[in-house]
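Peer 1: Attaching a single structure in structure tokens format; questions to follow.
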Amino acid sequence: MASKRLVKELQTFHRDPSSAVLVLEPVSDDDLTNLRAVLKGPDDTAYEGGLFNLSITIPPNYPSTPPSIHFLTPCCHPNVNFKTGEICLDLLKTSWTPAYGVVSTLEAVQQLMGAGGEPDSPLNIDLAKLLRAGDLVGAEGLVRLMTRVHAMGR
């Protein structure tokens, strides 16, 4: 069931691409359970202009279980572990329903980036400290710098 659903999702994506997801493809032709994606940094944010590579692992019981998604490109966000790429997003854990697909989940990750995240349950402690202290200029500067260094190839 997972592969049938996934093939359909990939076909739909190629017919009607997402403005958030620039690339969504299997890592190899013979394995649909490992995908790679390129997510565009949200416009009008400190991530704008960045291209973020993500790894997606589709579990055998997908869509009953959410995909596992991790940033491969370091992403400076309070709800993303800068080193491991782990994402803290309810949709990827407790709020998942089979109504979501891979593309809509990636769009939700982009929305999380644009929303600034939740500094009270952080995976990036340093950025969360800046946000909790009200240092929005410092936090945005750090995000812009890390985006430029890691996601813009400069």
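The values are calculated or read from the model by the stated rules, or taken from the named source; none is laboratory data. All figures in this text were calculated on a predicted structure; none of them were measured in a lab. Cβ atoms come from the backbone with ideal geometry, glycine included; neighbour counts cover every protein chain shown. Areas reflect the complete protein model, heavy atoms only, side chains present, ligands, DNA and RNA absent. Shrake-Rupley method; radii C 1.70, N 1.55, O 1.52, S 1.80 Å.
Peer 1: Ser64 fails exactly one of the following numbered conditions: (1) of a type outside the set (Lys, Arg); (2) touching a Leu at 6+ places or on another chain (Cβ under 9 Å); (3) loosely packed, with under 13 Cβ neighbours inside 10 Å. What is the number of that condition?
Peer 2: Answer for Ser64: the failing condition is (2).
Peer 1: Out of curiosity, is Leu35 on the phi < 0 side of the Ramachandran plot, in contact with a Phe, Trp or Tyr (Cβ under 7 Å, 6 or more places away or on another chain) and not in a loop (DSSP other than H, G, I, E, B)? Please lay out each step first, then the result.
Peer 2: Details: on the phi < 0 side of the Ramachandran plot: yes; in contact with a Phe, Trp or Tyr (Cβ under 7 Å, 6 or more places away or on another chain): no; not in a loop (DSSP other than H, G, I, E, B): yes.
Answer is no for this residue.
Peer 1: Looking at Ser3 and the list (1) modelled with pLDDT under 95; (2) out of contact with any strand residue (DSSP E or B) (no Cβ under 8 Å at 6 or more places or on another chain), which single condition is not satisfied?
Peer 2: It fails just one condition, (2).
A quick yes/no check of all residues on (1) touching a residue at least 40 places away in the same chain (Cβ under 8 Å); (2) surrounded by fewer than 18 Cβ atoms within 10 Å (Cβ to Cβ); (3) assigned to a strand (DSSP E or B):
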{"residue": "Thr84", "(1), (2), (3)": "no, yes, no"}
{"residue": "Thr105", "(1), (2), (3)": "no, no, no"}
{"residue": "Val109", "(1), (2), (3)": "yes, no, no"}
{"residue": "Leu112", "(1), (2), (3)": "no, no, no"}
{"residue": "Glu118", "(1), (2), (3)": "yes, yes, no"}
{"residue": "Leu130", "(1), (2), (3)": "no, no, no"}
{"residue": "Val143", "(1), (2), (3)": "yes, no, no"}
{"residue": "Met146", "(1), (2), (3)": "yes, no, no"}
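Peer 1: Among the residues of segment 86-103 satisfying the criterion of being outside any helix (DSSP H, G or I) and open to solvent by less than 40 Å² (accessible area, probe 1.4 Å), which is nearest to Gly41 (Cα to Cα)? Steps first, answer last, please.
Peer 2: Start the filter on segment 86-103 by keeping residues that are outside any helix (DSSP H, G or I), which leaves 86-89, 93-101.
Then keep just the ones that are open to solvent by less than 40 Å² (accessible area, probe 1.4 Å); that gives 87, 89, 96, 101.
Values: Ile87: 15, Leu89: 17, Trp96: 23, Gly101: 20 Å.
For segment 86-103, the residue satisfying everything is Ile87.
Peer 1: Kindly provide the set of residues from segment 25-39 that are surrounded by 15 or more Cβ atoms within 10 Å (Cβ to Cβ), over 14 Å from Ala108 (Cβ atoms) and among the aliphatic types (A, V, I, L, M), ordered by number.
Peer 2: Leu32, Leu35, Val38
Peer 1: Moving on to the next point. Restricting the search to segment 71-82, which residues are surrounded by fewer than 20 Cβ atoms within 10 Å (Cβ to Cβ) and within 21 Å of Asn34 (Cα to Cα)?
Peer 2: Going through segment 71-82, the residues surrounded by fewer than 20 Cβ atoms within 10 Å (Cβ to Cβ) turn out to be 72-74, 81-82.
If the condition is that a residue be surrounded by fewer than 20 Cβ atoms within 10 Å (Cβ to Cβ) and within 21 Å of Asn34 (Cα to Cα), then Leu72, Thr73, Pro74, Asn81 are the ones that fit.
Peer 1: Just one of (1) in contact (Cβ under 8 Å) with a residue 12 or more places away in the chain; (2) in a helix (DSSP H, G or I) trips up Gly138, so point out which.
Peer 2: (1)
Peer 1: Within the set of pairs 6 or more residues apart or between chains, which connect a residue that is open to solvent by less than 60 Å² (accessible area, probe 1.4 Å) inside segment 2-15 to a residue that is of a type in the set (A, V, I, L, M, F, W, C) and assigned to a helix (DSSP H, G or I) with Cβ atoms less than 6 Å apart?
Peer 2: Partner pairs satisfying both residue conditions: Glu9/Val102; Phe13/Val103.
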